[in-house]
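Notes to accompany the following structure.
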Amino acid sequence: MEKDNKKTINAWCMYDWANSVYSLTITTAVFPEYFLAVTTGKGGEDLVNFLGYTIKNSVLYSYSLSSIFLISALISPFITSIADYTGKKKTLMGAFCYLGAFSCASLYFFKADVLSLGVFAFILAGVGYSGSIVLYNSYLPEIASESQYDRVSARGFSMGYIGSVILLVLNLAMITQPQVFGIPAESGGLAARISFLTVGIWWFVFAQYSFFNLPRDKKKNSDGHWLLNGWRELAKVWEGMKSLRLTKLFLAGFFLYSMGVQTVMYVAPLFAKKVLGLETGNLIVTILIIQLVAIPGAAFFNYVSGRSGNILALVVGIVVWILICVGAYFVQKGLSFYILASAIGFVMGGIQSLSRATYSKLIPENTTKAASWFSFYDVTEKLSIVLGTFAYGFIEDVTGTMRNSVIALGIFFILGLLFILRIPSRKIYAVKNPV
């Protein structure tokens, strides 16, 4: 396969453009707000009945996130090993993409009287997103040379931020000025539900360019024993992982600092709403600031990694995250919150794109099992989100405040930093023996 082909790289980056609307509209900007509104009583009661259990709406939201990533972590190894064994990577990526897109669209039907429908559609959308992303990430070492990993990864994230902001702005215009779009002001959240529908459509439509131009599926084994042999493929990769000290150190550190990064991304809107009492308009402005600042942030960390190495750039990012957690514990409504949000946005895109590129350098060069190798990265990330969001919700449930949950996230970052510091800071040497 020809590497560094412009058209192929454009197609790969376009999938970030396609799927990032899920991350922004569904997990960050609109759905959390809508979920709280739908599940909060007229008198401000925040307890809901879900499958016979009475639970706080914000805790149910945190646990729903945990469910998404627990399911994703369990199925990811099977998805990737089957993709490597059968050669049907793009087909499987498409299947999960469409599951996510159609589940987002089905949130259009989520109302107060169908809480279970909303929760399960939200979970399926997340599983679809996660399943497609692990296969998408595994294309990076196949389509780009090692010297281009940082740049291409950062470009993908930047395109995702731009595309997601464009759709979010259109949806927010519809939500704040529904009458302009022919939607009655007293429509009971219809504009928000239409925004969920647009996410599904956007994701589905723009993904077609990626699927049309990404490398074709390879004709490999088709003896019918794809599940059993897929498991064997994963076992081979696991054996290869045992001798890769730097890779294991990175994954340990990545697991810990991702508990903080990903949890902040998913629960920040709840923190702003419930702890700081931020109005919807101010919350929207904050989310846009985070997304827009993330673009130069990704470029900055790409520059630092090019000059000083990936590990030093990661260390800088993690230290900033630690300071963010300290600031979040004391932050109040007003200027300090917007400064904190800007810091989150700047470091968020950089550490995500850099983590993906760094791991690409730590797997065997020219491996034919890139998807299986990336399953370890994906499972590590998903399990970190499971524990991070669960810990966040549990600490809030026990102590009664999200501020204490933020302190726990800071501890995760510190522990992750200790592992990353054990990796040579100037240069990462990829293992040259294909598995």
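Observations on the structure shown:
- Matching residues, the stretch 128-147, being under 20 Å from Tyr34 (Cβ atoms) and without any contact (Cβ under 8 Å) to a residue 60 or more places away in the chain: Gly128
- Of Ala95, Ala18, Ala29, Ala37, all but one fail to be open to solvent by 30 Å² or more (accessible area, probe 1.4 Å), within 26 Å of Ile166 (Cβ to Cβ) and not aromatic (Phe, Trp, Tyr); the exception is Ala37.
- All conditions but one from (1) under 21 Å from the mean Cα position of the chain (by Cα); (2) under 21 Å from Ile290 (Cα atoms); (3) of a type outside the set (A, V, I, L, M, F, W, C) apply to Gly200; the one that does not is (2).
- Leading residue by the ranking (nearest to Cys325 (Cα to Cα)) among those in the stretch 371-412 that are open to solvent by less than 40 Å² (accessible area, probe 1.4 Å) and aromatic (Phe, Trp, Tyr): Phe412
- Positions within the stretch 247-258 being of a type outside the set (Ser, Thr, Tyr) and open to solvent by less than 10 Å² (accessible area, probe 1.4 Å), in sequence order: Phe250, Gly253, Phe254
- Qualifying residue in the stretch 70-80 (condition: surrounded by fewer than 19 Cβ atoms within 10 Å (Cβ to Cβ), more than 19 Å from the chain's Cα centre (by Cα) and farther than 17 Å from Lys111 by Cα): yes
- Scanning the stretch 123-148 for residues that are of a type in the set (A, V, I, L, M) and open to solvent by 30 Å² or more (accessible area, probe 1.4 Å) yields one hit, Leu124.
- Output for the stretch 395-424, where each listed residue is hydroxyl-bearing (Ser, Thr, Tyr) and in a helix (DSSP H, G or I): Thr399, Ser405
- Evaluation of Ser66 against the conditions (1) closer than 23 Å to Glu142 by Cα; (2) under 19 Å from the mean Cα position of the chain (by Cα) shows that the sole unmet condition is (1).
- Against the numbered list (1) in contact (Cβ under 8 Å) with a residue 40 or more places away in the chain; (2) under 20 Å from Phe206 (Cβ atoms); (3) of a type outside the set (Phe, Trp, Tyr), Leu115 comes up short only at (2).
- Taken over the stretch 333-379, the criterion of being in contact (Cβ under 8 Å) with a residue 40 or more places away in the chain and not in a helix (DSSP H, G or I) is satisfied by Lys333, Ile363, Pro364, Glu365, Asn366, Thr367, Thr368, Lys369.
- On the stretch given as the stretch 152-175, residues that are open to solvent by 10 Å² or more (accessible area, probe 1.4 Å) and of a type in the set (S, T, N, Q) total 1.
- Single condition Gly297 does not satisfy, out of (1) in a helix (DSSP H, G or I); (2) open to solvent by 30 Å² or more (accessible area, probe 1.4 Å): (2)
- Counted residues, the stretch 114-160 - those being small (Gly, Ala, Ser), part of a helix (DSSP H, G or I), under 21 Å from Glu365 (Cα atoms) and touching a helix residue (DSSP H, G or I) at 6+ places or on another chain (Cβ under 6 Å): 2
- Out of Phe109, Phe120, sole residue that is touching a residue at least 40 places away in the same chain (Cβ under 8 Å), surrounded by fewer than 19 Cβ atoms within 10 Å (Cβ to Cβ) and over 23 Å from Glu2 (Cα atoms): Phe109
The values are calculated or read from the model by the stated rules, or taken from the named source; none is laboratory data. These numbers come from a predicted model, not from an experiment. Cβ sites come from the backbone with ideal geometry, for glycine too, and all protein chains shown count toward neighbours. Protein only, heavy atoms only, side chains kept; ligands, DNA and RNA dropped before computing areas. Shrake-Rupley method; radii C 1.70, N 1.55, O 1.52, S 1.80 Å.
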